[in-house]
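A short worksheet on the structure shown next.
The values are calculated or read from the model by the stated rules, or taken from the named source; none is laboratory data. Values in this document were obtained by computation on a predicted structure and should not be read as measured data. All Cβ positions, even for glycine, are placed from backbone atoms using ideal geometry, and neighbour counts span all protein chains on display. All accessible areas refer to the heavy atoms of the entire protein, side chains included, with ligands and DNA or RNA removed. Shrake-Rupley method; radii C 1.70, N 1.55, O 1.52, S 1.80 Å.
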Amino acid sequence: MTKCVSPNAISTILANPSPESSSDVPEIVVQVIELKATGASGNRFMFTANDGKMKLRGILPTNMGSEVMSGNIQNLGLIRILDYTLNDIPNKPEKYLIVTKCEVVSPPLEMEVKSEVKSEETGIVLKPKQENEIKSEVKSEVPGIFLKPKQEIVAKSAAQIVHEQRQNMAPAARMSMTRRVFPLVSLNPYQGSWTIKVRVTSKGSMRTYKNARGEGCVFNVELTDEDGTQIQATMFNEAAKKFYDRFQLGKVYFISKGTLRLANKQFKTVKNDYEMTLNENSEVEEASNEETFVPETTFNFVPIDSLGPYVNGMELVDVIGVVQNVSSTMSIRRKSNNDTIPKRDITIADATKKTVVVSLWNDLATSVGQELLDIADKSPIVAIKSLKVGEFQGVSLSTLSRSVVLVNPDLPEAKKLRSWYDSEGKESSMASVSSGMSPSSKSGSRSMYSDRVSLSHIQKNPSLGEEKPVFFSIRGYISFIKPDQAMWYRACKTCNRKVTEALGSGYWCEACQKNDEECNLRYIMVVKISDASGEAFLSVFNEEAEKIVGCSADELDKLKSEEGEENPYQLKLKQATWNSHLFRVSVAQNEYNNEKKQRITVRAVAPVDFAAESRFLLEEISKMRVSK
């Protein structure tokens, strides 16, 4: 392979600023100089393309960032440009080279290539016209045979052939050839006109809002091109009304006349530095015959027993599971505007033998939720994309406007899960991901004996849990349970939410919008935990509190009402103290009166398995010896 730049490479690019396809791009090898990172994430790189005579500022595609980081592309090295486009820079006379595809030709040269043109032959340079004249006079050594010039054999030009092909194509296919289709990775806010071909892999619901400028509506979609690159597109007001029905989940579209800006990290749902906005003048046309060329919705499933680190975090998760239970639809009243919205809870399980409750909201509650209720006895499989992980009852999941729910999807993970469930899963005992795990089990052992810290480690690091909750394991003793605290709340028997006394009789559940004659009591208490390093107050919820106290909240309430020489209520609490337990805890930051404080919550509790604990301590001792 010749390790030199292509003569007049920059002139070639300037003469053809937007080739119709990569096959139209001639041999273009340039030298990379002034290479530097750009963008918030640092995975895009700017450079100057040099051919020895001219220079041109440009940007490398995002997928070549790894080549730069690994050292394959360096300053003074050579690259071959396989596809590109040339953009104008607003308010500036110069052009900007957007490289969409390239390959490495050579490691760094000794110096920058300078203009020094030499003939490789005898110094004679033939102009194109002279070459044709010479070729036309070439004769065969066989008498009577005259070779015509090569160009005369071609009956039609390439432009004529392409034109004829376009006439026979469907409108969408003809448009894709007429307008150059850009990969998403090449788009940036400084670019001029562009057209992309993408599949709608997620579609949010239409939402209304009210602010100082008035009322409006908004919705967004997630778009994926054939390279798997994603971007979020948002539409407001007139654009939202215009395109909401046009965008259909799973279909492929040509889109143009949109704008880009840096993505807001707080609301970003896809891995892209930019986000797109479409207005009422944007163009969206369905590419009905080209669905197979763009990927379907992609998932990155998180096992149910691994949801803990995502609690109250900004990152959304995808899950897949077998439906175990489907509730009826509930009407929930929003605190912000007093509107009522439908909600339905489903419980799913996966091969980790853990279950989690997923709350379906709005249209998903009434449409997909009803479909699941109708086939609940068949244990359908659901794959759900973009779920928010909350801490209600330990760990819970909620859909958002952009969430996608697929019932019995045709996915390898779904087939594998169905095979497991039919063979052994349906007979297995399932436990909530929020409930305590025994350290004698495999998963519980990893949970209770990993990330082991002392209480002082948490208290000496007040910044723990600032961005999202962090999880640790602790071994400690229950040293004190305050008997006069509010240790429980009245809960709905259906949804476990707080109820209030109804007018007349019974208890009213705001979540279920119904009145019941009876309710349950559920623990919500604070206990003091002590270990060798210190002590701390921990919040404990129902399932974990029952294991600590040794009875349910209803049973403890009955003891509280009993009379005797020794108060049975306080005796029960006293019996629960100074017992050793293993705790899995989360540490988060709570703000109260403009002051941030740590909140330590018990997520799981289990008795100490002294054999396993001894092995753990021996391992820790051996690590200390090695470190010395």
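Along the axis of the charge dipole computed for the stretch 537-628 (Cβ charges of +1 for Lys and Arg, -1 for Asp and Glu, origin at the Cα centre), the listed residues 541, 580, 611 are led at the positive end by 611. Listed values for the stretch 548-558 are Karplus-derived 3J(HN,Hα) couplings in whole Hz (6.51 cos²θ - 1.76 cosθ + 1.60, θ = phi - 60°), namely 6, 7, x, 7, 7, 5, 4, 5, 5, 5, 5, and x replaces Gly and Pro.
For residue 307, the amide hydrogen comes within under 5 Å of no other amide hydrogen, counting only partners 5 or more places away or on other chains and with H modelled in the peptide plane.
Couplings 3J(HN,Hα) of the stretch 53-59, computed from phi: 10, 10, 10, 8, 6, x, 9 Hz, in residue order, whole Hz [Karplus 6.51 cos²θ - 1.76 cosθ + 1.60, θ = phi - 60°; x for Gly and Pro]. Under 5 Å from the amide H of residue 502 lie the amide H atoms of 507, 508, each residue being 5 or more positions distant or on a separate chain, with H modelled from the backbone and absent for Pro and chain starts. Under Stokes-Einstein, with the Kirkwood radius over Cα pairs as Rh, the value for the stretch 521-628 at 20 °C and 1.002 mPa s is 130 µm²/s. A simple rule links phi to the HN-Hα coupling: the Karplus curve 6.51 cos²θ - 1.76 cosθ + 1.60 with θ = phi - 60°, which for the stretch 517-527 gives 6, 10, 8, 9, 9, 10, 5, 8, 10, 10, 10 Hz, with x for Gly and Pro.
In the context of the full set of protein chains, residues of the stretch 509-557 present 43 Å² of accessible surface per residue (probe radius 1.4 Å, heavy atoms only). Residues whose amide H comes within less than 5 Å of that of residue 395, counting only those at least five positions distant or on another chain, are 434 (H built at 1.01 Å from N in the peptide plane). Dipole check for the stretch 470-540: with +1 at the C-beta of Lys and Arg, -1 at the C-beta of Asp and Glu, and the Cα centre as origin, the magnitude is about 160 Debye.
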